[in-house]
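Here the structure comes first, spelled out in structure tokens, and everything after it is commentary.
Quick note: the coordinates plus some simple rules give every number you see, no bench work behind them. Predicted model, so just to flag it, every value in this text is computed and none were measured. So basically every Cβ, Gly included, is an ideal-geometry build from the backbone, and we count neighbours across all protein chains shown.
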Amino acid sequence: MYNVKSNKAEEFIDNQEILDTMAYAEENKNNETLINDIITRAGDFKGLSHREAAVLLACELDDQNKRLVTLAQEIKKKFYGNRIVMFAPLYLSNYCVNGCVYCPYHHKNTTIKRKQLSQEEIVKEVVALQDMGHKRLALETGEDPVNCPLEYVLESIKTIYGIKHKNGDIRRVNVNIAATTVENYRRLKDAGIGTYILFQETYHQENYEMLHPTGPKHNYAWHTEAMDRAMEGGIDDVGIGVLFGLNMYRYDFVGMLMHAEHLEAAMGVGPHTISVPRICPADDIDTNDFSNAISNDVFEKIVTVLRIAVPYTGMIVSTRESQASRERVLKLGISQVSGGSCTSVGGYDHPEPEEENSSQFDVTDTRKLDDIVNWLLEMGHIPSFCTACYREGRTGDRFMKLVKSGQIVNCCQPNAIMTLKEYLEDYASADTKEKGEIMIQRELKSIPSDKVREIATAHLTELSAGKRDFRF
Ligand code: SF4
Ligand code: SF4
């Protein structure tokens, strides 16, 4: 029985409710009156229910689909301005006891090289990341309580925060590790993590169990209830996502929105971010084995309707996607991208030889961070290296209140300007620097508050003089 507030996975992700929602969406995919009504209500920027969003996802009416695109763009602008937050993944260990059939780290894969970074190697990786200009990382590990215990992750976080190389500084460490206990989440919180990220992969229990045939991840309820435990452990910024292509996308789309609704109803705060990865090739993984792979058009529609359904949630797209694909979805509401990414264990400091491949997936957008920054500037976005919110205690419901009232943009914009300035001073190529300075002058003029503009201008002068790390 569907119960959004229940703490049981089978009740807050109720299979029948998803099936009924999909049937309702199918019945109404050409219902002009209903669709117009939903779009009008979405225009109040308060989001939509999973049923309403499912109808929009299924909508086959051209005019209405065009209106959805315009609305998604409007929402992006209203809540986040034109800043795009930058981050990079850092793979610490690819030991894994699970049997996930879509991931090359599954424990039966003998062709992949198993690696775990020592603390000395982490220092080298982080120095390489700092030298690119990164300030925000997402830590990634496989699940292996013996080879990669939580103590190792905690020690690594401490190491990372402690590395100050030239003007480099990692200011926010997000963590993507396996579902764990409330106590362990508390320890991660105490270590100063930003967002805890865990992808559901698919919300369809039967398929989930087939795709995860062995290992602790096989336990659907343990995995699906992980965010509740994380929040109970004090982590109030959590990031969810599904791996599109594993299962019917319409099912997972509805499941993911039901998960977001559950977190808001039961824990008081919805997800901080939603990621939209699509299955892609990797060692030992052939995407042709997955018949649910989604087209570019469907991918764009998913991003558009998510932007409208959960306006307060950051949306992330990684280097799994090509430059062209990222360009399209950036216009539709993506607010965070990775850049210059390496998905192997230890590949930033020196690229690994082919025979030592330890990567989780093949990166499609292989450009350097500076090329990504340059490209974003050319498209009119401000690349932002901001990490201010969690450092200022703006997390969980405090953060959500600011987003919902439309005020967060007043922090995002000056912080984007100042952190871009840092990047230009310390790491940019001449061409990126030129484009970035033009962007900064343009954006400064559009800061609505005189006071904020004055402070930001003063900090820009200090940044030119060599000072670092200012924030609103
Ligand atoms: S998806 Fe995660 S848990 Fe599954 S095999 Fe890969 S690293 Fe291990
Ligand atoms: S001000 Fe907060 S929401 Fe805006 S970019 Fe910075 S950390 Fe993100």
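Numbers below:
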item	result
Label-point gap, in nm, between LYS46 and ARG391 - each point 7 angstrom along Cα→Cβ	3.6 nm
Contour minus Cα-Cα distance for ASN410 and ASP431 (0.36 nm per residue)	4.7 nm
Lys/Arg +1, Asp/Glu -1 at C-beta; the chain dipole; positive extreme among ILE382, GLY142, LEU332	ILE382
Given charges at beta-carbon only (K, R positive; D, E negative), |dipole| of the chain in Debye	1820 debye
Spacing of the two label points (7 Å from each Cα toward its C-beta) at GLU74 and ASN7, in nm	4.1 nm
Prolate/oblate/rounded label for region 62-108 (Cα gyration tensor, a/c 1.5)	oblate
Contour minus Cα-Cα distance for GLN119 and THR457 (0.36 nm per residue)	117.8 nm
Förster-model FRET efficiency, 41 Å R0, ASP297 and ALA465, C-beta, rounded to 0.05	0.25
Rough spin-label spacing in nm, given labels placed 7 Å along Cα→Cβ, for TYR24 and ILE438	4.9 nm
Furthest towards positive pole of dipole, ILE177, GLY245, PHE290, structure part region 154-304, Cβ charges	ILE177
Paramagnetic reach from LYS401 in region 264-299 [backbone N under 11 Å; point 7 Å along Cα→Cβ]	none
Residues in region 203-234 reached by a label modelled at ARG186 [backbone nitrogen below 18 Å; 7 Å Cα→Cβ]	226-234
Compactness of region 1-73 as Cα Rg over 2.2 N^0.38 Å, two decimals	1.22
Cα gyration tensor category, rounded, prolate or oblate, for region 355-472 with a/c compared to 1.5	oblate
Dimensionless Rg over Rh [region 201-332; C-alpha; Kirkwood]	0.96
Area projected by the alpha carbon convex hull of region 91-209, averaged over all directions, nm²	8.2 nm²
Chain lengthening between SER446 and GLU60 when straightened (0.36 nm per residue, less Cα-Cα)	135.2 nm
For HIS50, HIS165, HIS218, order by how many other beta-carbon atoms lie within 10 Å, fewest first	HIS165, HIS218, HIS50
Cα centre as origin, Lys/Arg/Asp/Glu Cβ charges: region 11-76 dipole, Debye	360 debye
Tail fraction, Cα-Cα pairs, the chain, threshold 36 Å, whole percent	25 percent
